[in-house]
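Heads up: the structure comes next, in structure tokens.
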Amino acid sequence: MRLYSRAALIVWLAVVAASAWWTARHVVFTADITAFLPAASGRLERLLVEQLREGVASRTMLVAIEGGAPAELARLSRGLARALAADRRFDYVTNGAAEFTQGARELGLKNRYLLSPQVRPERFSEQSLERALRENLERLATLEGTVFRGTLARDPTGELRSLAETAWQGAPASRNGVWFSEDGARALLLAQTAASGMDAVRQQDAADALVGAFRLTGAGPEYRVLVSGPGVFAARTRAAIEHDTRWLTGVAGALVLLILVLVYRSPGPVALSALPVLTGLIVGVAAVGALFGTVHGITLAFGATVIGEAVDYPSYVFTQRKAGESVLDILARVWPTLRLAVLTTVFGSLALLLSSLQGLSQLGVLSMAGVLSAGMVTRWVLPALAPGRAAPPPRTLPFNLVRAGLAMRRAAWIAWVLLAAALAVIVARHDRIWDDDLGHLSPLPESARQLHERLSADLRAPNVGYLLIATAASREAVLEKSERLTPVLQSWVGEGVLEGFDLAARYLPSPKTQESRRAALPAAQVLHRSLSRALRGLPYRADAFAPFERDVETARGSPLLTLEDLRGTGLDLKVQSLLATRDGEWHALIPLRGVRDAARLRSLAGRLPEDLSASFLDLKGESDRLIGGYRAQALELAGLGALAIAVLLWFGLRGVLKALRVMLPVYAAIAMTVACLGLLGIGLSLFHLVSLLLVLGIGLNYALFFNQAEPGTDSEQGTSLALSVCFLTTFAAFGCLATSRIPVLSAIGLTVTLGCALSLLNAMMLGGAAVRARESR
């Protein structure tokens, strides 16, 4: 073994060992799909994304039980709620039953004068008290009065009733003492997990515990429990990614191995063909981990890209072996072309590497590092390990792509017609060619999204599609600001701009407001005198409202309500979901329900006085804007990559015309692929753009080797076999990806499979070999 060969082996082994050690010790693998979503651009958008990922809302599970009569569903609901309440994996659970709302009711009764917005000094005047007492008499004669009869002596002014009515406005329907859907088909529960919504492992554990608890309730086979929520989605997404990563990588590897065994007829070349692939994967994953700290499961599955691409390099070498020829002899002939093939793929990956979207940048790093490593192993390591001149030549295939291309040269006009038709389709559909809906990136089936929408509607969960965000220096200040915004918001509701809103100050008023309400409570003697006069002529006992007088006097000396006082009632979770702090500022998140005119709302919010300033957020509009920005950036970077490839081919092939001959079939294939996807009703996402960049790299490999093929010479059969093996291995790898349930992987697989097939056909009809054959005639 020559000295340079030994040095190459030592360097290769050191790099692989170091990469494997780094990956094992430092790299963390994740399934967080948000790595492939646009990062929020503004501070408020970032705050909201953090809340959606880590806040209270991310830990909420929406639960429904269906399959039987309401009475039995209510029994199962109570049994499940009690079991979950005793489970440490859940912080809070409620189904609307009295046993789970008792804490909130007691808190409301005790602190009603601090919570009720109706509390003002005139509320306790003789005239107001008399009016309230007369209304109570009328109410007692109705069905509604039976509900409040027990609290009438303590609350004749109706503060508790007012609070309950406000709470009921956002509560689900009730039957048999628990929450139900409007049609009575499903009993409903809300559960809050202890784990973060993005902790997919613990969320799966909590979901399994919930299903297990349901089975222990004694439910018959006709009953079933339905669970949804951000944490459930995270767990199911992780499971889908892990399943597809293992399964598709295994199947793709097995298919590639089978193709190589059938072609090479010798274990040596087959085993050596795996070295560039494995090296590319190990080095690529280590590079991603070193730059980003984590490696996404989709990035790991993108290793199938390296399998489909990196196997091509030793294939271009081993398939062109002649009798008595060594690997070094083959490389002396094909390395200039193979080097261009490697570098064009690397340049094509630049558009991914430079993307500001972390997920795409990870894909770019893995592709670039993996392909470069595979190319270097093919050039320097394989000659040191490959069999000598006695190795058998590869199997001869019953067809010859080079000759087939020459036979198809008369049909080259078909390629031009198809290209013209593809461009016409693209122009005609230019306004519908992109798909910016982030929901289409979810690996969950449509049925899961429909279930979440149905349960959200049943439970009247707030829609965070539109938000108003008020900001201040402290929690107290932001509560005060949101209270001052309340009349404005109510006026917008009155104007029909929206149906309603929610804010934390409803459940935890600011200290200033609480102090004002407490100060409005009259002294004992004043209240007794006003009450006695109000009772004249009414059929109440003179001492009937002594509990009311005692409660008012107690409230005058009671401490202000704090967040700690809300613990265990469920109201604390509500407040925490509507308040957030970031970078030394406090923010009140105000979900807006039933927005009818988003443009007018934005205008109204922009005209608020400075002391009431609040930011209006349209999350769908913001995400569309961000996606559009990333797409524009990706297109610019892709253009730069294409320009760099053109310059590379110009220098490498030593001629503009030769470079154009190589690029034309591939760019025509890209246009045809885009048109085909459009005709299939598939809108292009950022990940289709990623796939087209891969098509560019792989397709240029085909065109380069067709360009160097010499019909009628010894290189003809070798080039045909090399192209056949490379296409089959690429088709196997990306064809597997196309079957994935994960939209990102499926988009890459379908687009690359279709694009590479069209690239091969175009290279046969329009490529260099066909052109030279026409010129020689």
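Per-residue packing, averaged as other Cβ atoms within 10 Å, sorts the ranges 474-481, 610-617, 325-332 into the order 474-481, 325-332, 610-617, beginning with the highest. Fully extending the segment from residue 457 to residue 540 would add 25.5 nm, taking 0.36 nm per residue of separation and subtracting the current Cα-Cα distance. Convex hull volume of the C-alpha atoms in the range 460-516, normalised per residue: 96 Å³.
Taking label positions 7 Å along the Cα-Cβ direction at both residue 640 and residue 271, the computed distance is 4.4 nm, reported to one decimal. Tell me the carbon and sulfur percent of the accessible area for the range 420-538, rounded to whole percent, probe radius 1.4 Å. Ligands and nucleic acids excluded, carbon and sulfur give 53 percent.
Treat every Asp and Glu Cβ in the range 102-197 as -1 and every Lys and Arg Cβ as +1, leave all other atoms uncharged, and give the resulting dipole magnitude about the Cα centre to the nearest 20 debye.
220 debye
With a Förster radius of 35 Å applied to the beta-carbon distance between residue 556 and residue 600, the computed FRET efficiency rounds to 0.20. Think of the chain as having a plus end and a minus end, set by charges on the Cβ of Lys, Arg, Asp and Glu; of 736, 451, 760, 760 sits farthest toward the positive end of this dipole. Using the rule -39500 (n - 2.57) for each DSSP H run of four or more residues, divided by the residues of the chain, the 222 nm mean residue ellipticity is -21000 deg cm²/dmol.
Its Cα gyration tensor gives the chain an equivalent ellipsoid, and the semi-axes of that ellipsoid, as √(5λ) in whole Å with the largest first, are 70, 26, 22.
Diffusion coefficient (Stokes-Einstein, Kirkwood radius over C-alpha pairs, 10 °C, 1.306 mPa s) for the range 488-532: 117 µm²/s, rounded to a whole number. Note on the chain: dipole from Cβ charges, positive end direction compared against 509, 338, 294; the farthest Cα belongs to 338. In the chain, a dipole from Cβ-located charges (positive for Lys and Arg, negative for Asp and Glu) runs towards its positive end, and of 133, 690, 651 it is 651 whose Cα lies farthest in that direction. If N is the number of residues in the range 652-705, what value comes out of its Cα radius of gyration divided by 2.2 N^0.38 Å? Ratio of Rg to 2.2 N^0.38 Å for the range 652-705: 1.29.
Pairs of alpha carbons in the range 500-559 separated by more than 17 Å make up 53% of all such pairs.
Quick one: dipole size for the chain, taken about the Cα centre, charges +1 on Lys/Arg Cβ and -1 on Asp/Glu Cβ, in debye to the nearest 20. Write out the running numbers ahead of the final one.
Details: 78 positive and 65 negative charges, 315 e Å.
Computed about the Cα centre, the dipole is about 1520 debye.
Pull out a ≥ b ≥ c, the square roots of the eigenvalues of the alpha-carbon gyration tensor of the range 315-378, then state rounded if a/c is under 1.5, prolate if not and a/b is larger than b/c, and oblate in the remaining case. Because a/c hits 1.5 or more and a/b exceeds b/c, the range 315-378 counts as prolate.
Using a probe of 1.4 angstrom and keeping all protein chains present, the accessible surface of the chain works out to 43 square angstrom per residue.
I'm checking a number: the convex hull volume of the Cα atoms of the range 82-184, normalised per residue, in Å³. What is it?
Here the figure is 130 Å³ per residue.
Convex hull volume per residue, computed on the Cα atoms of the range 539-605, equals 244 Å³. Overall dimensions of the range 153-271, expressed as equivalent-ellipsoid semi-axes from the Cα gyration tensor (√(5λ), whole Å, largest first), are 55, 17, 12.
Between residue 582 and residue 411, what is 0.36 nm times their sequence separation minus the Cα-Cα distance? Round to one decimal in nm.
Numbers: separation 171, 0.36 × 171 = 61.56 nm, distance 6.45 nm.
Gain on stretching residue 582 to residue 411: 55.1 nm.
Computed over Cα pairs, the Kirkwood radius of the range 453-578 leads via Stokes-Einstein (0.890 mPa s, 25 °C) to a diffusion coefficient of 137 µm² per second.
The values are calculated or read from the model by the stated rules, or taken from the named source; none is laboratory data. This is a predicted model, so every value here is computed, not measured. All Cβ positions, glycine included, derive from the backbone under ideal geometry; neighbour counts span all protein chains shown. With ligands, DNA and RNA removed, areas are computed over all heavy atoms of the protein, side chains included. Shrake-Rupley method; radii C 1.70, N 1.55, O 1.52, S 1.80 Å.
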